[in-house]
Amino acid sequence: MPDTPFRMPAEWEPHAATWLAWPHRRSDWPGRFSPIPWVYTEIVRAVSRHEPVNLVVPGPKTQARAAKLLATVGVDLGRVRFFVLPTDRGWVRDSGPIFVVDDAGNRVALDWHFNAWAKYPDWTRDDKLPAFAAAQLGLPTRQPTHRGWRVVLEGGSIDVNGRGLMLTTEECLLSKQQERNPPFDRSDYEAVFAAELGVRKVLWLNRGIAGDDTHGHVDDLARFVTPTTVVTVVEENEADDNYAPLRENLDRLRGFTDADGGKLEVVELPMPALRVYDGMRIPASYANFYIANGVVIVPTFNDPADRRALGVLSELFSGREVVGISCVDLVWGLGTLHCMTQQEPAGSGAS
C-alpha cells in the first residue's frame, strides 16, 4: 500500500493549468534558435484553448516579446499568466514541481532536487522553480528526502496511471552513468515513490531511446494513456540502434500486470526515421506527447510515420483533439512537447 494519502494524478485527469517556460537559452538549439519561440507560440495556442497556461519568463523584456508573438498567432492572452523568474533552461517537465493531491482535492507541490540530469553544472536557477511556483499558487510544498538524502527526480523519468502504477527505466534511475541518487537502489526508489506519489507498483523498463541526453527518460519511450493501457515506441528497422532495446521493452510490457494484478493492454507507436545533427543522434519520438484538457499535442517530424502516430493516438484519445505540432526544429534541443510542459492538476486549492 502507498505510504501517503496523496497521489500523483494521471496526466489525463483534469488540469488547473499547464506550466511552461519561455525559451531563452540559445545554446540549447545551436544555430537554430530563431524558429523556437514560434514553435512555443503554437504549443501555447493549442493548449490555451483548453486550459490556462502559466508561462515562466526570465524578465519583463522577455515577457513583452513573448506576449507580442503570442498575440500575433491569435493566442488569447487572458488565458496566459506570466511569472517572472530567471531560469537556466526551459525544460519544466524536469525542473518544475510535481503536484500531488489527496481525496479531498488538497494539493501539494513536491520540490524534488534538480541537478541538470546529473550532467551539466548550471542548474541552481532551475532548482528554485518548484518552490517559486508553489509560492505563487499559495500551495504547501515539500522536499522529498530518503535516508537523509534530498531526492533528485525529473518528471520525464516517470509516468503514472493515477491508480498506483508507475513506469520508469533502469537506465535512468539505476545506471552509474548520470547517476542522480548514488545511495539508492531499486528498493529505495520504490519506497520514495510509495511515500511521495502514492505508487503501489513500479514497472521497470530497461533502456530509453538512442540519443536521449537524459540517459533513459521514459517519456520518450512508453506512456500510460488509460489506467490499463500503455503506448510504447517500436523500431521496425532491424539495423537501427533502437531495434533491440525497444523490442525488449515491448516484451517486458506485455508481461507486466497492473497494481491489482490485471493485464495491461500494450499499443505500439512507430518511430520516426533517424535524425542526426553534427554527427549526434537526435532523440525524436512520438511518445513525447502531452495530454491537456480536451487536447493531446503530438510531436511531428515531417516524417512518413507522422500520420501513423497521429492515427494511433487519435483512436486512443477519441474524446480529445489530437493536434500535431511540428518539432523539426524543437527536437534539436534534445527534447520536445512533454519535456517542456508540466501539468498542474485541478484541486481545491488556489490556482
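The values are calculated or read from the model by the stated rules, or taken from the named source; none is laboratory data. Remember, predicted model here, so these are calculated numbers, not experimental data. All Cβ positions, even for glycine, are placed from backbone atoms using ideal geometry, and neighbour counts span all protein chains on display.
A few notes on this one:
Matching residues to (1) outside any strand (DSSP E or B); (2) in contact (Cβ under 8 Å) with a residue 12 or more places away in the chain; (3) among the small types (Gly, Ala, Ser):
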| residue | (1), (2), (3) |
| --- | --- |
| Pro9 | yes, yes, no |
| Trp12 | yes, yes, no |
| Thr18 | no, yes, no |
| His24 | yes, yes, no |
| Ser27 | yes, no, yes |
| Gly31 | yes, no, yes |
| Ser34 | yes, no, yes |
| Trp38 | yes, yes, no |
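- The listed residues are Gly311, Gly335, Gly261, and the only one of them that is in a loop (DSSP other than H, G, I, E, B), out of contact with any helix residue (DSSP H, G or I) (no Cβ under 7 Å at 6 or more places or on another chain) and over 21 Å from Asp213 (Cβ atoms) turns out to be Gly261.
- Which numbered condition Ala309 misses (of (1) under 30 Å from Ala109 (Cα atoms); (2) of a type outside the set (D, E, K, R); (3) in contact (Cβ under 8 Å) with a residue 40 or more places away in the chain): (1)
Listed here are the residues, each with its yes/no results for (1) surrounded by 16 or more Cβ atoms within 10 Å (Cβ to Cβ); (2) part of a helix (DSSP H, G or I); (3) at pLDDT 95 or above; (4) among the hydroxyl-bearing types (Ser, Thr, Tyr).
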| position | (1), (2), (3), (4) |
| --- | --- |
| Asp122 | no, no, yes, no |
| Pro130 | yes, yes, yes, no |
| Ala134 | yes, yes, yes, no |
| Met166 | yes, no, yes, no |
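- Within segment 195-231, being assigned to a helix (DSSP H, G or I) and not small (Gly, Ala, Ser) holds for Glu196, Leu197, Val218, Asp219, Asp220.
- Scan segment 65-116 for residues that are in a helix (DSSP H, G or I), closer than 14 Å to Asn54 by Cα and touching a residue at least 40 places away in the same chain (Cβ under 8 Å) and the total you get is 3.
- Residues in segment 277-308 that are among the aliphatic types (A, V, I, L, M), surrounded by 15 or more Cβ atoms within 10 Å (Cβ to Cβ) and outside any loop (DSSP other than H, G, I, E, B): Ile291, Ala292, Val295, Val296, Ile297, Val298, Ala305.
- Residue satisfying condition, being among the hydroxyl-bearing types (Ser, Thr, Tyr), in contact with a Gly (Cβ under 9 Å, 6 or more places away or on another chain) and at pLDDT 95 or above, within set Ser187, Ser175: Ser175
- Hits in segment 211-233 - residues which are over 25 Å from Gly261 (Cα atoms), surrounded by fewer than 22 Cβ atoms within 10 Å (Cβ to Cβ) and touching a helix residue (DSSP H, G or I) at 6+ places or on another chain (Cβ under 8 Å): Asp213, His215
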